[in-house]
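Undergrad: For reference, the structure I am asking about is given below.
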Amino acid sequence: MPSCTLIVDPIEVHNECATLFGVEPHEIMSIALAAAAARNEKTDLMPAFSGGMLAHIYGVEQLKAVFAYKGGYTTDAISNLDHALSKSRNVKIMFQNVDIAASPRFEPKANSKIGEAKRGAVEKASPMFFAELNEAEAQRQEKLNAFFSSDAWFICVSYDKNGVPSCEISLPRGIEEGNFAPTFVKRIFIEIGDGFDPEGLRLSDDNPPTDIKPIVSRK
């Protein structure tokens with residue numbers, strides 16, 4: 001089995017995030033915190049699946065908020081796959097709730113089955129189109145090609161019994177039986193720190209991140 005590269009040391013994590021994605025680790029962290037904050041607002045009266053749905057909705061929103069202001073990125077949804085895409089970096093970044101993240105012993109597994117569209121995004125299986133020779137169709141084809149040909153990175157977030165998140169941004173090798181195939185190409189662990197209060201407050205006020213959409217409680 002191919003080996004997976006683990007990036008855990010904070011300095012190496014910072015360098016990898018800057019080199020691969022042009023972001024700071026705390027900006028990735030903010031996406032995990034937004035997802036956890038929303039997930040923790042599920043009440044007993046909501047459907048059982050609401051926590052995961054809320055985490056996904058607000059995790060995706062924060063992902064787009066972070067990367068929309070980064071040079072060279074576009075945010076969009078193709079085949080219902082919300083993402084941030086950089087053509088120059090040849091990366092697309094998506095959000096995924098997982099069973100366990102940032103564990104050196106276990107690789108993350110998606111909490112829900114990974115469908116064919118996401119499998120194609122990971123394995124770069126671009127759909128075939130017989131494009132008409134007009135500008136609109138050519139632009140559409142260019143967008144699809146850029147999406148499917150780029151490396152698919154996932155911000156994987158899991159939650160402990162108290163609702164505190166763990167996070168990594170990782171590049172899967174493929175999809176097997178509806179989940180990430182063993183093993184990943186690279187996993188970059190994002191340290192959450194002590195600034196998250198699962199009961200409400202999202203980030204410590206001592207050193208809040210800049211240029212990030214604020215995470216607002218809806219209680």
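Undergrad: Which of the pairs K113/K161; K70/K124; K42/K87; K87/K161; K87/K109 have their Cα atoms more than 32 Å apart in this structure?
TA: On the way: K113/K161 22 Å; K70/K124 24 Å; K42/K87 37 Å; K87/K161 38 Å; K87/K109 27 Å.
Beyond 32 Å: K42/K87; K87/K161.
Undergrad: Oh, and also: At each listed q (0.10, 0.12, 0.21, 0.23 Å⁻¹), what is the log10 of I(q)/I(0) that the Debye formula gives for the range 1-113 modelled as equal alpha-carbon point scatterers?
TA: -0.34, -0.49, -1.33, -1.43
Undergrad: Mind checking the per residue accessible area of the range 100-195 for me, 1.4 Å probe, whole number of Å²? Working shown, then result.
TA: Numbers: 5080 Å² over 96 residues.
Roughly 53 Å² per residue, with all protein chains present.
Undergrad: Let me know the whole percent of all Cα-Cα pairs from the chain that are separated by more than 31 Å. Mind dumping the intermediate values first?
TA: Numbers: 4528 of 23871 pairs.
Everything past 31 Å amounts to 19 percent.
Undergrad: With +1 assigned to the C-beta of every Lys and Arg and -1 to the C-beta of every Asp and Glu, and no other charges, what is the dipole magnitude of the chain about the Cα centre in debye, to the nearest 20?
TA: On the way: 23 positive and 30 negative charges, 87 e Å.
About 420 debye.
Undergrad: For the chain, what % of the accessible area comes from carbon and sulfur atoms, probe 1.4 Å?
TA: On the way: 6100 of 11630 Å².
It is 52 percent, rounded to a whole number.
Undergrad: Oh, and also: Summing Lys, Arg as +1 and Asp, Glu as -1, what charge do residues with Cβ under 11 Å from the Cβ of T19 carry, T19 excluded?
TA: Numbers: positive: R89; negative: E12, E16.
Here the charged neighbours net out to -1.
Undergrad: With every protein chain left in place, what is the accessible area per residue of the range 1-81 in square angstrom, probe 1.4 Å? Mind showing how you got there, number by number?
TA: Numbers: 4070 Å² over 81 residues.
With the other protein chains kept in place, the range 1-81 gives 50 Å² per residue.
The values are calculated or read from the model by the stated rules, or taken from the named source; none is laboratory data. This is a predicted model, so every value here is computed, not measured. FYI the Cβ positions are ideal-geometry reconstructions off the backbone, even for glycines, and counts take in every protein chain you see. Surface areas here come from the heavy atoms of the whole protein model, side chains and all, with no ligands, DNA or RNA. Shrake-Rupley method; radii C 1.70, N 1.55, O 1.52, S 1.80 Å.
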